[in-house]
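The values are calculated or read from the model by the stated rules, or taken from the named source; none is laboratory data. These numbers come from a predicted model, not from an experiment. No Cβ is skipped: glycine too gets one built from the backbone with ideal geometry, and neighbour counts run over all protein chains shown. In case anyone asks, the SASA skips ligands and DNA or RNA and just uses the protein heavy atoms, side chains included. Shrake-Rupley method; radii C 1.70, N 1.55, O 1.52, S 1.80 Å.
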Amino acid sequence: MADSNLNLAYEQVYQDRLAETKSMITLATLLDVLDQGIAGSMTYQDVMGKAYEEAHSANPNGVPTNLPDVTLVSSVIRSNVKIMIYNIIEFSVTSLFQAIYDRLEDENCSYVDVSEKLRTLWHHTRMRKLNDPNASNETAERTSKELLDEVIAKTTVHITARQTMPGGNLDGKEILKLFDNHGISVHAAGSGYREDELKDIKDRRNALAHGSISFADAGNQVTTSELAELITHVDSFLMQLRSDVISYLDSGEYKADGTVASEA
């Protein structure tokens with residue numbers, strides 16, 4: 001990650017998850033190499049045969065298949081990598097927004113203190129309860145009064161990422177839309193932003209999560225070299241988002257006057 005005076009709490013977890021994902025790509029690559037044989041001798045069959053013997057000896061009831069097909073295993077791993085990449089994206093975006101909301105609370109920012117974009121966002125999250133089919137006119141009146149009272153009393157604005165994030169539906173367009181909703185300019189042009197790749201990651205993740213495609217079929221549609229390139233693009237884009245959020249916080253763009261209060 002790029003150097004910055006501002007450290008965000010999620011960064012170490014991000015690096016750990018990125019390393020986990022890359023290790024899975026390495027494993028899938030190793031399986032592909034073993035399938036072809038190493039130096040004409042060691043093969044997938046040799047390695048897995050020995051592994052099966054050891055596993056069965058340690059736990060006879062815990063090895064349900066004699067020898068998993070290498071193509072199947074490698075495909076399942078590649079499919080899981082797509083899910084892991086999506087999880088990294090959602091985790092990172094969620095953490096970046098939460099860093100903004102935490103700043104608002106740390107500085108006790110009220111409605112009048114924050115930018116117009118954040119006012120709109122806060123108002124939207126609070127009015128969402130009116131989407132409930134059981135909401136009545138009394139609910140609307142009570143909610144409106146609560147909002148007015150909080151604005152007049154200059155109550156600290158409280159927003160959570162859970163309120164603003166569309167779980168399971170983050171692709172490139174949605175990410176840029178969410179950042180714009182916060183008043184953050186994303187410099188996507190110089191990053192690893194690939195709209196088609198991000199959409200495919202989201203679509204594959206959802207298809208696998210809902211069972212509409214098998215892990216084997218999904219994994220067969222991508223190579224390990226393509227996955228390695230994909231994770232590089234995603235990492236670059238997410239680092240750009242981090243940089244843009246840090247600039248947003250450092251410059252005080254989250255405030256009504258768009259400036260950070262000077263230190264005494």
**Message:** Going residue by residue through region 244-258, is there one that turns out to be at pLDDT below 90 and either assigned to a loop (DSSP other than H, G, I, E, B) or of a type in the set (S, T, N, Q) (or both)?
**Reply:** yes
**Asked** Which of the residues spanning region 151-168 are assigned to a helix (DSSP H, G or I), of a type outside the set (A, V, I, L, M, F, W, C) and over 14 Å from residue 127 (Cα atoms)?
**Response** 162
**Request:** Find the residue count for region 188-211, including only residues that are surrounded by 12 or more Cβ atoms within 10 Å (Cβ to Cβ) and outside any helix (DSSP H, G or I).
**Result:** 4
**Prompt:** Out of (1) within 22 Å of residue 240 (Cα to Cα); (2) not in a helix (DSSP H, G or I), what's the single condition that is false for residue 87?
**Reply:** (2)
**Request:** Filter region 16-74 for residues that are part of a helix (DSSP H, G or I), open to solvent by 70 Å² or more (accessible area, probe 1.4 Å) and closer than 17 Å to residue 215 by Cα and give the result.
**Result:** 27, 71, 72
**Prompt:** Just one of 182, 233 is modelled with pLDDT of 95 or more and more than 30 Å from residue 76 (Cβ to Cβ); which is it?
**Reply:** 182
**Fill in**
Residues of region 196-226 being closer than 22 Å to residue 91 by Cα and of a type in the set (A, V, I, L, M, F, W, C), in sequence order, are 198, 201, 207, 208, 209
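Let's see how each residue does on (1) closer than 16 Å to residue 18 by Cα; (2) free of Cβ contacts under 8 Å to residues at least 12 places away in the same chain; (3) open to solvent by 20 Å² or more (accessible area, probe 1.4 Å):
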site: 84; (1), (2), (3): yes, no, yes
site: 87; (1), (2), (3): yes, no, yes
site: 97; (1), (2), (3): no, no, no
site: 105; (1), (2), (3): no, no, yes
site: 109; (1), (2), (3): no, no, no
site: 117; (1), (2), (3): no, no, yes
site: 122; (1), (2), (3): no, no, no
site: 125; (1), (2), (3): no, no, no
site: 128; (1), (2), (3): no, no, yes
**Exclusive hit being under 25 Å from the mean Cα position of the chain (by Cα), over 22 Å from residue 173 (Cα atoms) and either hydroxyl-bearing (Ser, Thr, Tyr) or at pLDDT below 95 (or both), set 70, 76** = 76
**Request:** Return the pairs, sorted by first residue and then second, in which the second residue is at pLDDT below 95, the first residue lies in region 245-257 and is under 18 Å from residue 175 (Cα atoms), the beta carbons are less than 6 Å apart, and the residues are 6+ apart or on different chains.
**Result:** 246/4; 246/6
**Asked** So which residues in region 140-164 are surrounded by 12 or more Cβ atoms within 10 Å (Cβ to Cβ) and among the aliphatic types (A, V, I, L, M), if there are any at all?
**Response** 140, 147, 151, 157, 159, 161
**Selected residue [more than 20 Å from residue 24 (Cα to Cα) and either surrounded by 14 or more Cβ atoms within 10 Å (Cβ to Cβ) or touching a Ser or Thr at 6+ places or on another chain (Cβ under 9 Å) (or both)] from 136, 243, 214, 236** = 243
**Message:** in a loop (DSSP other than H, G, I, E, B) and open to solvent by 60 Å² or more (accessible area, probe 1.4 Å): is that true of residue 185 in this structure?
**Reply:** yes
